[in-house]
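Colleague: Take a look at this one; I'll ask things after.
The values are calculated or read from the model by the stated rules, or taken from the named source; none is laboratory data. All of these numbers come straight from a predicted model, not from anything done at the bench. With ideal geometry, Cβ positions are generated from the backbone for all residues, glycine too; neighbour counts draw on all protein chains shown. We work out accessible area using only protein heavy atoms, side chains counted, and drop any ligands, DNA or RNA first. Shrake-Rupley method; radii C 1.70, N 1.55, O 1.52, S 1.80 Å.
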Amino acid sequence: MVVSYSVKILLIEDNLASARLLQEFLKQAQSQEFTLVHVMRLGEALQELNQCNYDVILLDLTLPDSQGLSSLPPLIDRAPSIPIVVLTNTNDEELAIEAVRQGAQDYLVKRQVNVDVLVRSLRYAIERKQVLESLRTVNETLQTRVEERTAELVKANELNQFKSEFVSMLSHDIRNPLNTILLAAGLLQNQDERLTKEKKQNHLKMIRSAIKNMAKLLDEVTFIGKADSGRLGFEVICLDLEAFCRQMVDEVRLIANDKQLTLVFASFGQLDDALWDESLLRHILGNLLSNAIKYSLPGGMVRFELIGQEKAVIFRVQDWGIGIPQENQKRLFQPFRRADNVGNIPGTGLGLAIAKKCVDAHGGEIVVNSQVGVGTTFTVTLPLIGI
């Protein structure tokens, strides 16, 4: 039976006499209009809540398919924002109070209900639930803000720590060439008359080499800074990729020869005309090839493959050198991060970070597969940019 008024109430009551009495009370209410939908079982109520929205639920704690407090959890789970007023007999008042503790907004003892009591209880339940929902929303908002702020503080702390490490590592890497320059310059100044022409040339060569290393380090740091601030340029041109890769191999061949390394280049697949940023490609391949040579054992081999695919190009650089420990591979592309087993092999730890930034700029992917004592393979996949 449905009686049309404005505040929508779902009455769950198996006693028809009690249901009719509540309907009569609501008809008599002068200050409020109500719509009452009556069901006799909990299962019917749950189905009704799936189909319609209600402002409040009147719940009898004794139903054919549910007894006592067991009715509350499924109702609260199904409609957490709808207030519930429980209906109880005189001797069930303690049970009703416990129901309020467990989530109901109010309770009514059936024999004590009249128009005013019923309307007041319904109003109270709706208002209290609205306040609770508002508080819950505010609490969730505050919790979200606290979590966001905590994440910001953690990130800021990590950033400050990284900046500290960055400055420390940069200072260390600059200090070495500076010490070389100071030492060589001091010898030239204080022992000029006693030095042979050959020794003077050697000292000047040391100074030039140290300055070159410092300039390279500063260029790499500047490059990382541009990439992090979004100022890394991306200028594409049509490039003969195979010819470019062969040129890169020729540029590092002298270094490979000094270590008696065999440097092999191979090209596979269809390499159609496409657009590439030559500068970024040079950073990627130059760093990968230099590292492969640097960390290879004398007399070994470095293999460089170019593989053309329908929508992408793959660059694969493989060596059979010292390898990278598994625990170091996760942070390998972060600035100044080097493997624990590099020993005295020189390096700044910026090369792979730069390569990763350049790969990201191309919208590509770089992955490493390495095992200590076996070797390392870097695979770079870059999407094709058609002309």
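Colleague: Exactly one of these conditions fails for Leu352: (1) more than 21 Å from Ala215 (Cα to Cα); (2) of a type outside the set (Val, Ile, Thr); (3) surrounded by 21 or more Cβ atoms within 10 Å (Cβ to Cβ). Give me its number.
Modeller: Only one criterion is unmet by Leu352, namely (1).
Colleague: Which one is least open to solvent (accessible area, probe 1.4 Å) among residues in the stretch 11-45 that are within 19 Å of Arg123 (Cβ to Cβ) and among the charged types (D, E, K, R)?
Modeller: This residue is Glu24.
Colleague: On to the next question. Do you know which of the residues in the stretch 76-94 that are within 48 Å of the chain's Cα centre (by Cα) and without any contact (Cβ under 8 Å) to a residue 40 or more places away in the chain is nearest to Val39 (Cα to Cα)?
Modeller: First pass over the stretch 76-94, keeping only residues within 48 Å of the chain's Cα centre (by Cα): 76-86.
From what's left, without any contact (Cβ under 8 Å) to a residue 40 or more places away in the chain: 76-80, 86.
On the way: Ile76: 17, Asp77: 19, Arg78: 16, Ala79: 16, Pro80: 19, Val86: 15 Å.
So the residue we want is Val86.
Colleague: Still on this structure, please answer the following. Does the stretch 96-106 include one or more residues that are open to solvent by 20 Å² or more (accessible area, probe 1.4 Å), of a type outside the set (Gly, Ala, Ser), without any contact (Cβ under 8 Å) to a residue 60 or more places away in the chain and farther than 27 Å from Ser134 by Cβ?
Modeller: Initial filter on the stretch 96-106 (open to solvent by 20 Å² or more (accessible area, probe 1.4 Å)): 97-98, 100-103, 106.
Keeping just the survivors that are of a type outside the set (Gly, Ala, Ser) gives 97-98, 100-102, 106.
This time we only want the ones that are without any contact (Cβ under 8 Å) to a residue 60 or more places away in the chain, so: 97-98, 100-102, 106.
Still in the list and also farther than 27 Å from Ser134 by Cβ: none.
For the stretch 96-106, residues open to solvent by 20 Å² or more (accessible area, probe 1.4 Å), of a type outside the set (Gly, Ala, Ser), without any contact (Cβ under 8 Å) to a residue 60 or more places away in the chain and farther than 27 Å from Ser134 by Cβ: absent.
Colleague: Shifting gears a bit: Could you please give the count of residues in the stretch 117-148 that are among the acidic types (Asp, Glu) and surrounded by 13 or more Cβ atoms within 10 Å (Cβ to Cβ)?
Modeller: Keep residues of the stretch 117-148 that are among the acidic types (Asp, Glu), which gives 127, 133, 140, 147-148.
So of that shortlist, the ones also surrounded by 13 or more Cβ atoms within 10 Å (Cβ to Cβ) come out as 133.
So the answer is 1.
Here's the yes/no breakdown for (1) more than 25 Å from Thr376 (Cβ to Cβ); (2) under 31 Å from the mean Cα position of the chain (by Cα); (3) among the aromatic types (Phe, Trp, Tyr):
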site	(1), (2), (3)
Lys216	no, no, no
Glu220	no, yes, no
Leu239	yes, no, no
Asp250	no, no, no
Gln260	no, no, no
Ala266	no, no, no
Gln270	yes, no, no
Ala274	yes, no, no
Lys294	no, no, no
